[in-house]
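So the structure is just underneath, and the comments pick up after that.
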Amino acid sequence: MQCPKVVLSNLRKKSLDEKYQYTRLYRNLYNPDFFLLAYDNLSQNDGALTMGVDKRSIDGFSMEEISRLIEVLKNKSYQPYPSKRVYIPKKNGK
């Protein structure tokens, strides 16, 4: 499997070409290194240890959980947690 940074760099370059069509993107989600890179990026944020709507933070993320997630993605049974919707009132009342 390719290094995630190389793959993401290539995808970034290809995004500049409006006619380019991406193929086989989903297979990148089977690479544990993508999740480790994402974890590394998220862990540097100030609010990284803040609990989400699912009452979890990135603090408990492990290689076992990454493997489990990849397996669920492979057998196409992944069900995301619902996201929290917050309505922000506008000055004009909308």
- Along the dipole axis of the chain (charges at Cβ: +1 for Lys and Arg, -1 for Asp and Glu; origin at the Cα centre), the most positive-end residue among 89, 22, 32 is 89
- How high is the relative contact order of the chain, given as a whole-number percent (alpha carbon pairs under 8 Å, six or more residues apart)? 25 percent
- Task: Could you sort out which of 19/84; 5/76; 19/76; 19/55 sit more than 32 Å apart by Cα distance in this structure?
- Result: 19/84; 19/55
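Consider all pairwise Cα distances in the chain and report the whole-number % of them above 23 Å. List each step's numbers first, then the result.
Details: 1965 of 4371 pairs.
It works out to 45 percent of all Cα pairs.
Run lengths n ≥ 4 of DSSP H only: what is the helix-derived mean residue ellipticity at 222 nm for the chain, with -39500 (n - 2.57) per run over all residues, to the nearest 500?
On the way: 3 runs with 35 residues, N = 94.
Taking each H run of at least 4 residues, the total per residue is -11500 deg cm²/dmol.
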- Work through the residues other than residue 54 whose Cβ is under 14 Å from its Cβ and net out their charges, Lys, Arg +1 and Asp, Glu -1. +1
- Message: Considering only C-alpha atoms, what is the centroid distance from the range 1-47 to the range 56-94, in Å?
- Response: 18 Å
- Message: Which order do the peptides 32-39, 15-22, 69-76 come out in when sorted by mean C-beta neighbours inside 10 angstrom, highest first?
- Response: 32-39, 69-76, 15-22
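Any read-out appearing in this document is the output of simple, stated calculations on the displayed coordinates, not a laboratory observation. It should be emphasised that the depicted structure is a prediction, and the values quoted were computed from it without experimental measurement. Cβ coordinates were reconstructed from backbone atoms using ideal geometry, including for glycine residues, and neighbour counts include every protein chain displayed.
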